[in-house]
Structures are given as C-alpha cells and as structure tokens.
C-alpha cells in the first residue's frame, strides 16, 4: 500500500474521531443537562427517537472508527508509530465499555421511569468515565496528525 494511501486512511480515521468527539461533547454538555427541565412523561416520547439518532451518529461512527483503526494499524503511515494506534484503540474500547456497562443501563431506566433528577444526575456524573478516554483518544490522534504533517528538513511533511 502506498504511503499516500496510508496517510489518507489515517486522515479519515482522525476525521471520524473528531466527528465522534463532537457528537459526544454535544450529548454530554448540551443535551443531557437540558433533560432536567423536561417533564418525566413527555421525556419518554422524546428519549426513544433521540436514542435511535444517538446510535446512528454515535455508535455507527465509533464502529467504523474501530474498523478503520485496525486497518491503519496494519498499514500505518511512516510518521505514526503503531503504539499510538494501539493506545487509541484501547481508549475507544474503554469508552465503548463505559457506554455499554454504565450509560446504556441508565438510558434503559430513563426509557421506563422518565427523566428523574436522580437518573439524569447519575448519567451526567458517570459520563466522565467515558469522557476521559474520549478526550485522551482525540488528543492522541490530533498529536499523531501533527507528526504526520510536521515539515521535515526538506520542508515537506516528515515520513
């Protein structure tokens, strides 16, 4: 595989990571806090379609990210050491586990009970468990991207 294609695959991976991070930031700091003001009964009608869209714009890019990360791990650009990809994959996996084991069960309770202050508070508080690997992964990939585009001695991107 050519170096140019390897770089383009890594760039696509970084774009997916940034997209997913934006989705998650919006969910964590815009959407979740607003749930306190919705009525519990009307919340149930709101939450179900929102959960479907969150799956489309949150889970689907995450799965595609992991597949692409594995491809890039197999064919990394010269300027991106494999350890960066391994750590990125581990951080993404940690965030997925946090979603599956902590956030998703709270969302299931929200579907049944509505948005009680206790459930919303628990969701917001435990979301930090997911935020840490999310932001760490994003910072890691942005740093790796800077290595990819940093000029070498010739003035061209390093290889």
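The values are calculated or read from the model by the stated rules, or taken from the named source; none is laboratory data. Treat the numbers as computed from the prediction; the structure is a model and nothing was measured. Every residue, glycine as well, gets a Cβ built from its backbone with ideal geometry; the counts of neighbours run over all protein chains shown.
Structure above, values below:
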quantity	calculated
Which listed residue, of 13, 9, 38, 19, is touching a helix residue (DSSP H, G or I) at 6+ places or on another chain (Cβ under 6 Å), surrounded by fewer than 17 Cβ atoms within 10 Å (Cβ to Cβ) and in contact (Cβ under 8 Å) with a residue 12 or more places away in the chain	19
Set 56, 89: member being assigned to a helix (DSSP H, G or I), exposed (fewer than 13 other Cβ atoms within 10 Å of the Cβ) and without any contact (Cβ under 8 Å) to a residue 24 or more places away in the chain	56
Yes/no for residue 83 being part of a helix (DSSP H, G or I), surrounded by fewer than 15 Cβ atoms within 10 Å (Cβ to Cβ) and in contact with a helix residue (DSSP H, G or I) (Cβ under 9 Å, 6 or more places away or on another chain)	no
Pairs with Cβ under 9 Å, 6+ apart, first in the stretch 137-159 and within 19 Å of residue 93 (Cα to Cα), second loosely packed, with under 11 Cβ neighbours inside 10 Å and modelled with pLDDT under 90	none
Residue selected from the stretch 69-80 under the condition surrounded by 19 or more Cβ atoms within 10 Å (Cβ to Cβ) and in a helix (DSSP H, G or I), by the criterion farthest from the chain's Cα centre (by Cα)	72
